[in-house]
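A short write-up of the structure that comes next.
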Amino acid sequence: MTLRHFLRDDDITASEQAQILDLALELKASRHAHQPLAGPRAVALIFDKPTLRTQLSFATGVAELGGYPVTVDGRLAQIGERESISDTAKVLGRQVRAIVWRTAGQDRIQEMAANAGVPVVNALTDDFHPCQILADLLTLREHLGDLPGQRFTYLGDGANNMAHSYLLGGALAGLHVTIATPASHQPDPAILARAAELAAAQGGSVTVTDDPVAAVAGARAVATDTWVSMGMESEKSGRTGSESPFVPFTVTAELMATAAPDAVFLHCLPAYRGVEVTAEVIDGPQSVVWDEAENRLHAQKALLTWLLTR
Ligand code: NVA
């Protein structure tokens with residue numbers, strides 16, 4: 001078995017992504033159908049940043065796969081400070097079947113993967129949130145049907161982890177991905193270029209615009225995220241105040257009305273009503289955010305099963 005990791009959305013191919021989504025649907029229908037962690041075997045869940053959904057869904061998922069989660073508080077472990085990342089990776093790799101890590105720098109999780117000897121999964125870094133995108137794609141499959149060719153629009157911080165993961169993961173799925181963001185918060189050019197290459201191969205496309213109205217017109221799915229990602233708390237007033245460059249990108253009912261009539265609204269949560277989205281939209285009939293939150297469980301179980309049994 002070749003060791004594989006999931007550190008960014010394009011660590012898997014388009015067909016592997018489709019296989020994982022198929023497996024997620026199977027596991028959603030039959031929660032205990034696969035038991036790759038029977039034994040039980042352990043999975044380390046390490047959190048250097050706050051968490052609710054990710055800890056809950058991975059802990060529940062690991063148990064449902066026959067294993068047990070060992071949750072590590074990053075404030076106690078102080079990985080990279082008290083002990084090097086590579087030493088930590090070697091210690092963990094001798095005891096657990098997989099490592100799930102939420103941390104800041106992408107370089108940190110890359111170093112963990114290079115030294116662990118077991119699959120490492122990105123549970124959010126500053127650059128990517130690939131498990132969330134698997135859950136979102138699963139949700140879109142359930143609500144919209146086949147993914148290739150669907151028009152997907154994200155509004156908000158175009159330089160954050162969600163925007164980057166939507167670009168890569170959405171491109172792999174064959175979506176037409178539009179990122180609507182102010183000129184001051186453009187996606188990383190290297191990630192955008194990679195996404196364009198992936199999209200071309202799958203028959204989709206990627207577009208970045210600062211025009212929220214044009215971006216949403218006719219879209220089948222509209223997504224947003226907090227304007228203040230974890231680690232950016234000191235920038236909160238500039239990002240959320242009345243002078244914020246993101247204000248025109250708020251998802252309102254008026255904006256949603258210009259999307260396709262059956263369009264769905266996605267938000268990875270936590271959400272701030274009245275900031276990036278109005279309560280009317282997130283609590284309204286087009287919102288699929290609770291399905292999306294539940295689908296973290298099924299998508300991550302499928303990912304772990306695929307990584308452990310392929
Ligand atoms: N961009 C957000 C996603 C939260 C799930 C953050 O990094 O805080």
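Laboratory data are not the source of any read-out in this text; all were calculated from the coordinates shown. Source: prediction; values computed, not measured. Reconstructed Cβ throughout: ideal geometry from the backbone, glycine too, with neighbour counts over all protein chains shown.
Can you tell me the orientation of helix 106-116 relative to the chain, as the angle in degrees between its alpha-carbon axis and the longest Cα principal axis, to the nearest 10?
20
Any idea how far the Cα center of the stretch 119-154 sits from the one of the stretch 258-298, in Å?
14
Which ³J(HN,Hα) values, rounded to whole Hz and listed in residue order, are derived for the stretch 123-129 from phi using the Karplus coefficients 6.51, -1.76 and 1.60 in 6.51 cos²θ - 1.76 cosθ + 1.60 with θ = phi - 60°, glycine and proline given as x?
9, 3, 10, 4, 8, 9, 9
What is the local net charge at GLY66, summed over the other residues whose Cβ is closer than 14 Å to its Cβ (Lys, Arg +1; Asp, Glu -1)? Don't skip to the end; give the middle numbers.
Working: positive: ARG31, ARG41, ARG97, LYS301; negative: GLU64.
In short, +3.
When the Karplus curve 6.51 cos²θ - 1.76 cosθ + 1.60 is applied with θ = phi - 60°, which whole-Hz ³J(HN,Hα) does each residue of the stretch 201-214 get, with x for Gly and Pro?
5, 9, x, x, 7, 10, 9, 10, 9, 9, 10, x, 5, 4
Between ALA190, ALA114, ALA299, find the one with the highest GNM mean-square fluctuation for the chain; connect C-alpha pairs within less than 10 Å.
ALA190
With a cut-off of at most 16 other beta carbons within 10 Å, and DSSP calling the residue loop, which trypsin sites (Lys or Arg not before Pro) in the stretch 35-87 qualify? Please list them.
On the way: sites: ARG41, ARG53, ARG75, ARG82; in loops: ARG41, ARG82.
For trypsin sites (Lys or Arg not before Pro) across the stretch 35-87 that sit outside H, G, I, E and B with at most 16 neighbouring Cβ atoms in 10 Å, the list reads ARG82.
Using each residue's phi in the stretch 66-79, evaluate 6.51 cos²θ - 1.76 cosθ + 1.60 at θ = phi - 60° and report the 3J(HN,Hα) Karplus result to the nearest Hz, with x for Gly and Pro.
So the J values, rounded to whole Hz, are x, x, 9, x, 10, 8, 10, 7, x, 5, 7, 6, 6, 5.
Can you flag which of LYS90/LYS236; LYS49/LYS236; LYS49/LYS90 are past 27 Å Cα-Cα? Mind dumping the intermediate values first?
Details: LYS90/LYS236 38 Å; LYS49/LYS236 17 Å; LYS49/LYS90 22 Å.
In this structure, LYS90/LYS236 exceed 27 Å between Cα atoms.
Tell me which GluC sites (Glu not before Pro) from the stretch 183-274 have a DSSP coil assignment and no more than 12 other beta carbons within 10 Å of their own. Kindly include the intermediate steps, with their values, before the conclusion.
On the way: sites: GLU197, GLU233, GLU235, GLU243, GLU254; in loops: GLU243.
Listed in order of number, the matching sites are GLU243.
Taking the chain as a Gaussian network, where each spring joins two C-alpha atoms under 10 Å apart, which residue of MET256, MET232, MET112 fluctuates the most?
Largest GNM mean-square fluctuation: MET232.
Helix 161-172 sits at what angle to the longest principal axis of the chain, using alpha carbons and giving 0 to 90 degrees rounded to 10?
Once rounded, the angle reads 90 degrees.
Rounded to the nearest 500, what is the chain's calculated 222 nm mean residue ellipticity when only DSSP H runs of at least 4 contribute -39500 (n - 2.57) each, over all residues?
Numbers: 13 runs with 132 residues, N = 310.
So the calculated ellipticity at 222 nm is -12500 deg cm²/dmol.
Let's test this: bin the Cα-Cα distances of the chain at 20 Å from zero up to the farthest pair and state each bin's percent.
For the chain, the binned pair fractions read 35, 58, 7 percent.
Can you list residues from other chains, or at least 5 along the same chain, whose modelled amide H is less than 5 Å from the amide H of GLY80?
Amide H neighbours of GLY80: ILE85.
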